[in-house]
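Structure, as structure tokens:
The values are calculated or read from the model by the stated rules, or taken from the named source; none is laboratory data. Because the structure is predicted, anything quoted here is derived from the model rather than measured. As a convention, Cβ positions derive from the backbone with ideal geometry for all residues, glycine included, and neighbour counts pool all protein chains shown. What goes into the accessible areas is simple: the full protein's heavy atoms, side chains included, and nothing from ligands, DNA or RNA. Shrake-Rupley method; radii C 1.70, N 1.55, O 1.52, S 1.80 Å.
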Amino acid sequence: MTDSTSTQASPFTEISETGTGRPVLLLHGGGGPFTVALLAQHLGETTYVIAPTHPGFNGTTRDESLTNVRSLADAYAHYLIEHDLRDVIVVGSSVGGWLAAELALGSAADRLAGIVIINGLGTEVEGHPIRDISKMTPAEFAPFSFHDPSNLRLPPPTPEGLAIAQGNGASLARLTTDASADPARLAAIHTPTLVIWGASDRIVDTDYGRAYAAAIPGAEFALIPDAGHLPYLENAPAVFAAVDPWVAAH
């Protein structure tokens, strides 16, 4: 771990850290940080996991200067530089995968050892549009997100929980207004890349995932059966079997 002192105020007010070893920056998707808790726990067994909450998610304060994914990725690049983190593996789920790709195109790309994109967003594939879930409740988007929607186990709704879900949706919509990014930009990524895809995802389908991987030079692609948009929640053994040796090799 490094000294967290920075000359610039950080927009990240919630950062969970676990484990020791080489750094892994774990970036959640639109559902908030709890959606990657299982990944954090697993990766923390062998690495030092840094799992921030994106500003505006999970009840945190929105940073008005962060208006899209590119600006949020720049803030994460600044965090890596200010904390002098190197040999970093970035693991991103959903919009977190888009952030991982943007980090590999930004000012901290030379600090990355690799990126893992799990059912990521952030490009445009003809004939395979991204389903907009920003205004859906968890119960509404479960049929599109899960191979088996009963795998989404939610606590009883509370006013606080509903407010957090609505805030997450609003923050996601704000960040992804330019979701149809130029696919040609992905060709400029030279960081080793693993793309993991849940085969039953109906937010971004398998052909979208294959095209995403094909657009990044040298990227590897792993299809996870019996799993949807968050494949580690439905078929964790298959996801870990793909991730663990790849992270160790990079």
ask   = Given 0.36 nm per residue, what is the gain on full extension from Phe12 to Asp148 after removing their alpha carbon distance, in nm?
value = 45.6 nm
request  = Could you let me know the centre-to-centre spacing of segment 193-213 and segment 17-92, using Cα atoms, in angstrom?
outcome  = 21 Å
message = List the residue ranges in the chain for DSSP H helices whose C-alpha atoms run 15 angstrom or more along the long axis and whose Kyte-Doolittle average is 0.0 or above.
response = 69-82, 159-175, 236-249
remark   = Loop-resident trypsin sites (Lys or Arg not before Pro) in segment 95-152 with no more than 13 other Cβ atoms inside 10 Å, DSSP not H/G/I/E/B, are Lys135
task = Provide the per residue accessible area, probe 1.4 Å, for segment 75-196, rounded to a whole number of square angstrom.
result = 44 Å²
task = Evaluate the distance, in nm, between pseudo-label points positioned 7 Å from the Cα of Glu82 and of Asp110 along their respective Cα→Cβ axes.
result = 2.1 nm
inquiry  = Is the C-alpha gyration tensor of segment 178-250 telling us rounded, prolate or oblate? Criteria: a/c under 1.5 is rounded; beyond that, a/b larger than b/c is prolate, otherwise oblate.
reply    = oblate
task = Sort out the exposed loop GluC sites (Glu not before Pro) in the chain (DSSP loop, at most 15 other Cβ within 10 Å) and tell me the longest stretch that has none.
result = 127-250
message = What is the percent carbon and sulfur in the accessible area of segment 129-201, measuring with a 1.4 Å probe over the protein chains and ignoring ligands?
response = 62 percent
